[in-house]
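Below you'll find the structure, written out as structure tokens, and then a few comments.
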Amino acid sequence: MASGPEGAPMRYALYFTPDRDHPLTRLAAAWLGRDVFTGAALQPPVVAAFSAAEVAFHTAAARRYGFHATLKAPFALAPGETEASLAAALESFTAARGPVSMPALKVARLGGFFALVPSAPAPEMEAFAGDVVRDFDRFRAPLSESELERRNPDALSAIEFANLTRWGYPYVFEAFRFHMTLTGRIGANDAARIEETLQSLFGPLVAQPVALDSLTLFVEPEPGAPFTVLAHRPLGRREERKTA
């Protein structure tokens, strides 16, 4: 099992994020204050409603994970698996899959935070997310009792609790909701201004569908460390990738 510098297990995650040079990736990296491909800290865009310090405050919770949509939530490696075996499985999985149809995104409030979510039902994308959960589950070490407790199981529905114990994460399959987080929890006093700011920044970029055409392996090198990109793989066989 891969370990961080103090012996704690490293965690990995399978996320969707657009290519590093995609305009949406660049804008989201600036808004969140960190580039997940390089780990570099970035200055937030200038917005009228908030100072740079206020933007940094409202994005702090999301910054550690970077701009992404969760497909396979963070996990420690199962006994007998390695970073190399996980990376090889990612290469095989993405080579066998083509790009996935997805509708345009929109800014929405989910509970107390803001995110980009599909503007219409996305069954093909939801099926793809389920396949990622199933196909990579052999790499996931089971959750310990303390890890289960940290998920606050009493607050979960019966389906979410069953998902947590079986798949290591509550929000999969019928409980899955694609979202790309843009803020932490926002208080009532700031919600309208945050939403207006996000609409003005992201609205023009998400008016057209964003292709789900890749799968990205992220790594958390030690507990609490920022997640960064370990491997970003386009969907489709190599021959198709060269001629696309």
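Laboratory data are not the source of any read-out in this text; all were calculated from the coordinates shown. Quantities reported herein were computed from a predicted structural model and do not represent experimental measurements. Reconstructed Cβ throughout: ideal geometry from the backbone, glycine too, with neighbour counts over all protein chains shown.
The relative contact order of the chain comes to 33 percent, based on Cα pairs under 8 Å that sit 6 or more residues apart. In region 113-244, Cα pairs under 8 Å separated by at least six residues give a relative contact order of 25 percent. Highest mobility in the GNM of the chain, judged by mean-square fluctuation with C-alpha springs under 10 Å and restricted to 172, 210, 107, is found for 210. Between region 8-56 and region 135-160, how far is it from one alpha carbon centroid to the other, in angstrom? Computed from Cα coordinates, the inter-centre distance equals 27 Å.
A cut-off under 13 angstrom between Cβ atoms defines the neighbours of residue 148, and their net charge, with Lys, Arg +1 and Asp, Glu -1, is -2.
Rounded to 0.05, the FRET efficiency of the residue 189 and residue 64 pair, given R0 = 30 Å and the Cβ-Cβ distance, is 0.75. Using θ = phi - 60° in the Karplus curve 6.51 cos²θ - 1.76 cosθ + 1.60, the 3J(HN,Hα) couplings for region 128-144 round to 4, 4, x, 5, 4, 4, 5, 5, 9, 5, 5, 8, 8, 6, x, 6, 6 Hz; x is entered for Gly and Pro. Taking Lys and Arg as +1 and Asp and Glu as -1, the other residues whose beta-carbon sits under 13 Å from that of residue 116 total +2. Secondary-structure-derived ellipticity at 222 nm for the chain, considering helices only, amounts to -11000 deg cm²/dmol, per-run term -39500 (n - 2.57) for DSSP H runs with n ≥ 4.
Ranked by the mean number of other Cβ atoms within 10 Å per residue, highest first, peptides 51-59, 211-219 order as 211-219, 51-59.
Between 13, 206, 32, the Cα set farthest toward the positive side of the dipole of the chain (charges on each charged residue's Cβ, about the Cα centre) is that of 206.
Net charge in the neighbourhood of residue 65 (other residues with Cβ under 12 Å of its Cβ; Lys, Arg +1, Asp, Glu -1) is +3.
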